[in-house]
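The values are calculated or read from the model by the stated rules, or taken from the named source; none is laboratory data. Note that the structure is a prediction, hence the values are computed from the model and not measured. Every residue, glycine as well, gets a Cβ built from its backbone with ideal geometry; the counts of neighbours run over all protein chains shown. With ligands, DNA and RNA removed, areas are computed over all heavy atoms of the protein, side chains included. Shrake-Rupley method; radii C 1.70, N 1.55, O 1.52, S 1.80 Å.
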Amino acid sequence: MIEKQDNMDVETRLSGGATVITPLVNEITHNNNRGFLNAVKDSIGDCSGDVVIDMSNIQIIDSVSLGSLVAALKYVRSRGGEMIIAGAAPAIVQLFDMLNFRSIFKMYDTVENIP
């Protein structure tokens, strides 16, 4: 299912009991970060469980949007789930490493590699 959320198109599907959210843009920046957060919230609704953010399309993420990722993580955790990042580009992985975000986000190379 493809949804448009405040300038953010996402594809949402279930995989192994987790909700997989794939932004259909190549960047998450100050222009669309609110749409990203709304898309996460709308995609999981009142459900609990893990959420996978498939970042395979994302090439750029700015500091404001990193805050939106943390806000989304808090939202998912408040519903008893965990948020997982999959498919991040090497530059984004390097940024997560520099910011020590791997200590708060589980990260995998692809959605298919998530146990």
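Data table
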read-out: Of all residues making up segment 83-94, the number that are open to solvent by 40 Å² or more (accessible area, probe 1.4 Å) and either in contact (Cβ under 8 Å) with a residue 12 or more places away in the chain or closer than 19 Å to residue 20 by Cα (or both); value: 1
read-out: Filter pass, residue 78 being under 23 Å from residue 42 (Cβ atoms), out of contact with any strand residue (DSSP E or B) (no Cβ under 6 Å at 6 or more places or on another chain) and of a type in the set (Ser, Thr, Tyr); value: yes
read-out: Lone qualifier among 41, 74 - being modelled with pLDDT of 90 or more, farther than 20 Å from residue 110 by Cα and outside any loop (DSSP other than H, G, I, E, B); value: 74
read-out: Qualifying residue in segment 25-32 (condition: outside any helix (DSSP H, G or I), of a type in the set (S, T, N, Q), modelled with pLDDT of 90 or more and open to solvent by 70 Å² or more (accessible area, probe 1.4 Å)); value: yes
read-out: Hits in segment 95-115 - residues which are in contact with a strand residue (DSSP E or B) (Cβ under 6 Å, 6 or more places away or on another chain) and either open to solvent by less than 30 Å² (accessible area, probe 1.4 Å) or at positive phi (or both); value: 105, 111
read-out: Qualifying residue in segment 46-62 (condition: surrounded by fewer than 22 Cβ atoms within 10 Å (Cβ to Cβ) and in a helix (DSSP H, G or I)); value: no
read-out: Subset of segment 64-75 (residues that are closer than 21 Å to residue 45 by Cβ and open to solvent by less than 80 Å² (accessible area, probe 1.4 Å)); value: 68, 69, 70, 71, 72, 73, 75
read-out: First in segment 99-115 and farther than 15 Å from residue 74 by Cβ, second anywhere and open to solvent by 80 Å² or more (accessible area, probe 1.4 Å) and part of a loop (DSSP other than H, G, I, E, B), Cβ under 8 Å, 6 or more apart; value: 114/16
